[in-house]
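What follows is a single structure, written as structure tokens, with notes after it.
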Amino acid sequence: VLQISKDDVTALQCKVVCLIQNGNFKEALGVINTHTKVLTSDVIAFEKAYCEYRLNRIENALKTIQSASQQTDKLKELYGQVLYRLERYDDCLAAYRDLIRNSQDEYEEERKTNLSAVVAAQSTWEKVMPEDLGLREATYELCYNSACALVGQGKLNEAMKKLQKAEGLCRQSLSEDSDVTEEDIEAELAIIHGQMAYIMQLQGRTEDALQLYNQIIKLKPTDVGLLAVIANNIITINKDQNVFDSKKKVKLTNAEGVEHKLSKKQLQAIEFNKALLAMYTNQADQCRKLSASLQSQSPEHLLPVLIQAAQLCREKQHAKAVGLLQDFADQHPANAAEIKLTMAQLKIAQGSVTKACMILRSIEELQHKPGMVSALVTMYSHEEDIDSAIEVFTQAIQWYQQFQARTNYGCCVFQPKSPVHLSLIREAANFKLKHGRKKEAISDLEELWKQNPKDVHTLAQLISAYSLVDPEKAKVLSKHLPSSDTMSLKVDVDALENSHGATYVRKKAGKLTGDNQQKEQGQGDVKKKKKKKKGKLPKNYDPKVTPDPERWLPMRERSYYRGRKKGKKKDQVGKGTQGSTTAGSSELDASRTASSPPTSPRPGSAAAVSATSNVIPPRHQKPAGAPATKKKQQQKKKKGSKGGW
């Protein structure tokens with residue numbers, strides 16, 4: 001027909017539809033653009049917009065739909081899909097509601113599924129509380145979308161139950177078809193199992209999540225978006241561990257067409273994790289390149305600049321990292337608080353606690369927070385800067401006073417202070433008392449007592465503080481203390497002593513009967529004396545010999561110690577001409593001794609002890625003078641000392 005009449009509208013339109021049915025979207029769009037005079041927007045607007053949509057030219061598709069003179073039902077359906085891809089969820093929700101309200105055909109279930117997908121996306125990415133649409137969850141797609149919405153709200157347990165229900169419905173619906181194999185069912189369930197694994201990961205069950213993720217990857221699903229999300233989640237589980245596995249998983253996130261399957265926030269999260277992985281693998285240039293690219297795409301986002309600062313810290317360039325964070329805080333005051341907290345942490349890591357305190361005090365929106373006050377007081381106390389710590393307390397208390405004045409403006413009725421305000425005053429008073437600032441603490445305690453005159457604990461602290469400054473005032477205040485009668489507590493002492501956890505438990509006395517009872521009564525108040533154990537005496541103890549009174553002292557501290565004699569064998573060495581003998585040579589002649597033992601006993605053996613009673617044991621003997629030969633003393637370790645460093 002086109003050979004006969006190349007501008008035949010019906011023939012051209014049929015050719016475009018045939019090309020679309022065959023998946024040749026680019027060629028079909030080329031035919032439309034070639035015959036723009038014949039194929040006007042009124043004639044072929046839907047086909048042109050659909051080709052642009054399938055070729056991922058979403059903005060062009062939107063313009064084509066909006067330029068159409070007549071909005072048909074087909075264009076409205078496509079318009080909803082285009083808005084979803086552009087992440088304009090509010091407009092998309094309105095479009096699908098209008099479609100469901102004004103159409104009645106066999107595609108109603110698909111429209112409801114798309115509507116629930118929009119609600120799930122709002123809950124997940126925009127943190128919008130989803131409204132109850134009243135959709136009956138009869139299909140596994142509706143159950144899955146409902147579970148995704150619950151995940152966005154943080155209701156993980158309910159979401160897991162919905163996913164389990166969706167899994168059952170999916171198996172049931174697919175098993176009814178005889179042509180569907182078990183592999184096909186598992187492939188269809190992959191996205192449901194992936195969401196289950198994500199919930200496990202959020203619940204801290206990382207081992208179970210990792211196992212399920214790997215099972216899905218082994219199935220080799222055709223959905224590149226699903227594979228990219230699973231690979232990214234595995235990388236987040238690995239963190240700085242198992243880096244080799246993470247580098248392999250990154251390849252799955254770089255597959256062709258991934259950018260058209262995922263939302264902007266999903267793609268952004270994947271890029272963040274790529275930059276962090278580059279930092280963990282010491283690829284500094286790659287890390288800087290990725291983080292700079294992310295910062296150019298989202299200048300107000302915190303993560304890119306935090307990654308750059310972390311990389312600089314790994315390179316020991318802390319000053320440069322702090323400067324980078326300071327520049328970002330100046331350019332984006334809305335995010336300055338989080339950046340300054342990071343700067344303070346870096347200063348603390350460098351040991352500059354005072355500078356860290358200055359940075360923290362510059363965060364005006366957090367100055368009065370109890371956590372910030374506690375941190376600053378602790379850090380100033382560590383630096384022994386008590387005046388600055390008290391100043392932090394004072395500023396926080398003044399802030400709450402001004403806040404209460406603004407809240408109660410025009411009201412003359414007495415308003416009690418808030419619990420946080422009173423808590424700060426009490427902590428300030430305790431801190432001042434601890435560091436000897438009695439006069440400053442008294443004013444805080446008086447303010448507390450004024451708020452609650454029945455608080456005995458505060459009154460006792462006030463009296464204690466005044467007793468050191470103004471004893472007369474302390475006596476006057478002591479009259480406000482309750483009497484001892486009113487303060488007496490009805491306490492069962494026996495039950496208290498026998499209670500669990502008591503430090504002292506009184507032993508129950510045994511029953512006395514018969515003679516024992518009479519004996520106990522006869523003795524009266526006489527206390528039973530403890531028997532002393534007899535001390536053990538040494539084996540060679542001789543009662544006839546007086547013990548050495550200095551036997552417990554070290555040898556060096558005894559009065560008769562003469563020091564170690566050097567060269568004890570010099571007397572045995574012959575002197576003079578060759579062949580001559582010394583005076584002591586006769587002593588060395590064994591043949592002149594009356595009876596010499598065949599062998600010399602070892603020191604400490606039984607043979608070394610003489611059998612005669614006239615020999616005084618060495619433990620009790622006081623030597624008359626320094627011996628001729630002296631055994632080498634072994635140096636004893638000091639008591640309580642241990643070897644090693």
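Points to keep in mind about this one:
- So Glu186, is it assigned to a loop (DSSP other than H, G, I, E, B), open to solvent by less than 70 Å² (accessible area, probe 1.4 Å) and in contact (Cβ under 8 Å) with a residue 12 or more places away in the chain: no
- Those residues of region 82-128 which are among the polar types (S, T, N, Q), assigned to a helix (DSSP H, G or I) and farther than 17 Å from Ser146 by Cβ, in sequence order: Asn102
- Test result for Asp90, modelled with pLDDT of 90 or more and either more than 22 Å from Lys265 (Cβ to Cβ) or out of contact with any Asp or Glu (no Cβ under 8 Å at 6 or more places or on another chain) (or both): yes
- Where a residue in region 155-181 is farther than 12 Å from Glu141 by Cα and its partner, wherever it lies, is open to solvent by less than 50 Å² (accessible area, probe 1.4 Å) and not in a helix (DSSP H, G or I), with Cβ under 9 Å and at least six apart: Leu174/Val180
- Test: residue in region 277-285 that is of a type in the set (Phe, Trp, Tyr), in contact (Cβ under 8 Å) with a residue 40 or more places away in the chain, farther than 23 Å from Cys148 by Cα and not in a loop (DSSP other than H, G, I, E, B): yes
- Selection of region 152-183 for residues being over 24 Å from Val128 (Cα atoms), of a type outside the set (D, E, K, R), open to solvent by less than 80 Å² (accessible area, probe 1.4 Å) and not in a helix (DSSP H, G or I) yields Val180, Thr181.
- Hits in region 362-394 (condition: among the hydroxyl-bearing types (Ser, Thr, Tyr) and open to solvent by less than 60 Å² (accessible area, probe 1.4 Å)): Ser362, Tyr380, Ser381, Ser388, Thr394
- A Cβ distance below 8 Å, combined with a sequence gap of six or more or placement on separate chains, defines the contacts here; from region 434-462, residues that are modelled with pLDDT of 75 or more reach residues that are of a type in the set (Asp, Glu) and in a helix (DSSP H, G or I) in the pairs Leu462/Glu446.
- Within region 115-138, considering residues that are touching a Lys or Arg at 6+ places or on another chain (Cβ under 8 Å) and closer than 23 Å to Met200 by Cβ, the one surrounded by the most Cβ atoms within 10 Å (Cβ to Cβ): Glu137
- Residue match in region 296-309 (condition: loosely packed, with under 14 Cβ neighbours inside 10 Å and assigned to a helix (DSSP H, G or I)): yes
- Only one of the numbered conditions (1) surrounded by fewer than 19 Cβ atoms within 10 Å (Cβ to Cβ); (2) charged (D, E, K, R); (3) under 28 Å from Ala49 (Cβ atoms) is not met by Lys112, and that is (1).
- Any hit, region 245-252, residues being among the hydroxyl-bearing types (Ser, Thr, Tyr) and either assigned to a helix (DSSP H, G or I) or touching a strand residue (DSSP E or B) at 6+ places or on another chain (Cβ under 9 Å) (or both): yes
- Counting only helices (runs of 4 or more DSSP H) that sit completely within region 318-361, those holding 2 or more residues that are closer than 17 Å to Pro299 by Cα and open to solvent by 80 Å² or more (accessible area, probe 1.4 Å) correspond to 318-331.
- Pair list, Cβ under 6 Å, 6 or more apart: region 310-323 residue free of Cβ contacts under 8 Å to residues at least 24 places away in the same chain, other residue assigned to a helix (DSSP H, G or I) and surrounded by fewer than 18 Cβ atoms within 10 Å (Cβ to Cβ): Leu312/Lys320
- Selection from region 36-77 of residues that are part of a loop (DSSP other than H, G, I, E, B), of a type in the set (S, T, N, Q) and open to solvent by less than 60 Å² (accessible area, probe 1.4 Å): Thr40, Asn56, Thr72
- Residue selected from region 241-279 under the condition open to solvent by 80 Å² or more (accessible area, probe 1.4 Å) and either polar (S, T, N, Q) or over 27 Å from Ala120 (Cα atoms) (or both), by the criterion nearest to the chain's Cα centre (by Cα): Gln241
- Complete set of residues in region 8-58 that are among the small types (Gly, Ala, Ser) and within 54 Å of the chain's Cα centre (by Cα): Gly23, Ala49
- Yes/no for Glu141 being at pLDDT 90 or above, part of a loop (DSSP other than H, G, I, E, B), open to solvent by 40 Å² or more (accessible area, probe 1.4 Å) and not hydrophobic (A, V, I, L, M, F, W, C): no
- Scanning region 16-35 for residues being open to solvent by 50 Å² or more (accessible area, probe 1.4 Å) and either under 14 Å from Thr64 (Cβ atoms) or at pLDDT below 90 (or both) gives a total of 2.
The values are calculated or read from the model by the stated rules, or taken from the named source; none is laboratory data. Worth saying up front: this structure is predicted, and the values here are computed from it rather than measured. Glycine also receives a Cβ, built like all others from the backbone with ideal geometry; neighbour counts cover every protein chain displayed. Remember, those area values only see protein heavy atoms, side chains included, never the ligands or the DNA or RNA. Shrake-Rupley method; radii C 1.70, N 1.55, O 1.52, S 1.80 Å.
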